[in-house]
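First up is the structure itself, then whatever we jot down about it.
The values are calculated or read from the model by the stated rules, or taken from the named source; none is laboratory data. Just so you know, these numbers come straight off a predicted model, no measurement behind them. Glycine gets a Cβ as well: all are built from the backbone with ideal geometry, and neighbour counts include every protein chain shown. Surface areas here come from the heavy atoms of the whole protein model, side chains and all, with no ligands, DNA or RNA. Shrake-Rupley method; radii C 1.70, N 1.55, O 1.52, S 1.80 Å.
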Amino acid sequence: METTVEKSALEIARAAYRPKMPKALCGPLTIVEGEPTESADNQEEIKELFPNTYGMPYVHFEPSEGGKHSASLNVGVILSGGQAPGGHNVISGLFDGIKSLNPKNRLYGFILGPAGLIEHNYIELTGNIIDEYRNTGGFDIIGSGRTKLEKKEQFDKGLEILQALDIKALVIIGGDDSNTNACVLAEYYKSIGADVQVIGCPKTIDGDLKNSEIEASFGFDTATKVYSEVIGNIMRDCNSAKKYWHFVKLMGRSASHVTLECALQTHPNVTLLGEEVEAKNQTLDDIVTYIAEVVTDRANLGMNYGVVLVPEGLIEFIPAIKRLIAELNDMLAKNQADFDLVAADKKIDYVLGHLSDENAALFKSLPLSVSRQLALERDPHGNVQVSLIETEQLLAEMVKAKLDQWKKDGIYTGKFATQHHFFGYEGRCAAPSNWDADYCYSLGYNAAMLISAGKTGYMSSIKNTFRPADEWIAGGIPITMMMNMEKRNGQMKPVIKKALVELTGKPYKFFVRHRTEWSRNTSFVYPGPIQYFGPAEVCDRPTATLTLEQSDKL
């Protein structure tokens, strides 16, 4: 029996929204090549690993005369990794882009991520299907997955279905790991003369996939606006009840971009940034003492309430714990077979017996729940699952213990009650903001133009995004340009270098100038929900991070 999918009034209105695009993508165009590129680091190693796709030039598109029709071709698309707002618009833009080149072009979506390519699980994405998903959140049009494309057998298995469907280009929409896989796949297919182009699109709400040519990863704008709305709501409640300290953990395993952006939008009393913790060589006790001092200062002013923002990956930025995790990773990678045979109740003892004295002492000092998560509860790729570590609750408990001692010493006389929150999934599938809807559609359409230009091993790039959309610059960058060598599971591997919060950057410097004021005063800002209809300064505004980074160009 068929079911009818009901749509809200907002969904109906959003379906009619037509994303804005760079001028160059709105008609016939020409491609302009720039200077050759080199990798972010480890140039000789990366060049040796990617001899067919290394050193390619930047490219950008400019409006031109004439038509842009081409011979018909089929294109495949994969959504890879965690969801981010705007993924459906990337696919919509890609679909419209290839149809603008030739109405006979066809788009195939591989189901549930890279696994769909390997398992030959796909669907043809027709106009009727695409129209159901324009300007909507989520990845449910074809689903996503975290299967890594790393092995020759996977590449060859994928090539079988690409050739069977006569697919000449594959677009991989994902984060740094997914686009690393795209780069490896492009190199392999070119090395064997497979005649399949591979194009990447930059996705991650964590905001850590960016550089001079990729100003933002898609989904970051929407997710941080969603989180900031909820943080603002909590702040309103906090300022109304005046009796709780709210500890809020935010997405960002390897970088603190989300936390910094939300701080810039809402002005919390305490904001912790992993990159700063690492640069200052802070200990866990240093962090706890800092929070306790802010709590005490506000209590002395009669304010026993406030908001603390904590990045998800904070624990990995604490230098001592980072050294511990590095040794744990190496030890487990070398001894995994033996470790798997150890009884569950003896695994912690096994770990302690294989660590250096310094790291063993630190490991033993951590709460059991944290030590178990560091050593035992790894993801399929061997990474610590930092999102499972309740850092916000750990910090709140440690601050309370310190304040209890200060109360005995007569230093602290206030009241300290806490609430804990983790905002992650709440922002990952939100309906994209106008900015993300426009940006993502442009990324997809632009990917179609890169395919038409015969490019492979490139990432779709839209620049100048702090200006109105018709002034955006469309083009592409070689993915090898973003790569370096890093240790993964005990081995050095080529990966895209993550972009961390720059402590010399304008967003961070702006935050530093204001954080003391925000810590002592109740300077809360309540951003409210994302607005889709109304004046551009309300509906189309980019993030505070992007605005500050590009302020000298405004």
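Observations, loosely collected:
- For Rg and Dmax of the Cα atoms in Å, the candidate list reads [x] 24.5, 80; [y] 26.0, 88; [z] 23.1, 71; the entry that matches the value derived from this model is [x].
- Accessible carbon and sulfur surface of region 167-301 relative to its total accessible area, %, 1.4 Å: 46
- In percent, rounded to a whole number, the relative contact order of the chain is 24, using alpha-carbon pairs under 8 Å and six or more apart.
- Between the C-alpha center of region 504-550 and that of region 240-278 there is a gap of 13 Å.
- Within straight-line reach of residue 364, meaning a Cα separation under 29 Å, sit the following lysines at least 8 residues removed in sequence or on another chain: 249, 280, 322, 334, 346, 347, 400, 402, 407, 408, 487.
- Hz values of 3J(HN,Hα) by residue in region 442-459 - Karplus curve (6.51, -1.76, 1.60), Gly and Pro given as x: 5, 4, x, 4, 5, 4, 4, 6, 5, 4, 4, 7, x, 7, 9, x, 10, 10
- Taking 17 Å as the straight-line reach from the Cα of residue 509, the aspartates and glutamates in range (excluding those fewer than 8 positions away in the same chain) are 261, 275, 276, 278, 517, 549, 552.
- Ligands, DNA and RNA are left out, and with a 1.4 angstrom probe the accessible area of the chain is 42 Å² per residue.
- DSSP bridge pairs, the chain: antiparallel proportion in percent, nearest 5: 40
- In order through region 163-180: 3J(HN,Hα) via Karplus (6.51 cos²θ - 1.76 cosθ + 1.60), integer Hz, x for Gly, Pro: 6, 5, 8, 6, 7, 9, 8, 10, 9, 10, 9, x, x, 5, 5, 5, 6, 4
- Lysine pairs in region 36-181 with Cα atoms under 17 Å, if 8 or more residues apart or on separate chains: 6
- Residue by residue, region 122-135 carries 3J(HN,Hα) couplings of 8, 9, 7, 8, 8, x, 5, 5, 4, 4, 6, 10, 4, 6 Hz when phi is fed to the Karplus relation 6.51 cos²θ - 1.76 cosθ + 1.60 (θ = phi - 60°); x denotes Gly or Pro.
- Residue 7-residue 488 FRET efficiency (beta carbon distance; Förster radius 41 Å; 0.05 resolution): 0.40
- Sequence-distant contacts, meaning Cα pairs under 8 Å at least 6 residues apart, place the relative contact order of region 395-554 at 18 percent.
- The distance from the alpha carbon centre of region 70-93 to that of region 386-416 is 47 Å, rounded to a whole number.
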